[in-house]
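The values are calculated or read from the model by the stated rules, or taken from the named source; none is laboratory data. No experiment lies behind these values; they were computed from the predicted model shown. Note: areas computed on protein heavy atoms with side chains; ligands, DNA, RNA excluded. Shrake-Rupley method; radii C 1.70, N 1.55, O 1.52, S 1.80 Å.
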Amino acid sequence: MSYTMTDIHHMQVWIFRKAQVKWNVSPQKCVQLFKKHEIFKYISECYELLHVSSYDSALADVEEILRANGDRI
């Protein structure tokens, strides 16, 4: 199955927004964390696996990546 960039961007935006709300951080701080840890790239590269789970599950994966790299949320 071929996924469009729109599908991937949609997931990136939703996870970004969920992270911003859950972590109670500004969009600027959230994008800084996502860029620092290449989260947008991670979502794009792992989309095939991530899209079959919930956005909450995908966000939990993102939080694990941040913690593994020493960032606190």
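Solvent-accessible area of Ile65, all protein chains in place: 40 Å² (probe radius 1.4 Å, heavy atoms, ligands and nucleic acids excluded).
Remark: the chain carries 67 Å² of accessible area per residue (probe radius 1.4 Å; ligands, DNA and RNA excluded). Between the helical axis of 55-68 and the dominant principal axis of the chain, each derived from Cα atoms, what acute angle in degrees is found, rounded to the nearest 10? With rounding to tens, the tilt is 50 degrees. For segment 1-71, the carbon plus sulfur part of the accessible surface works out to 53%, probe radius 1.4 Å.
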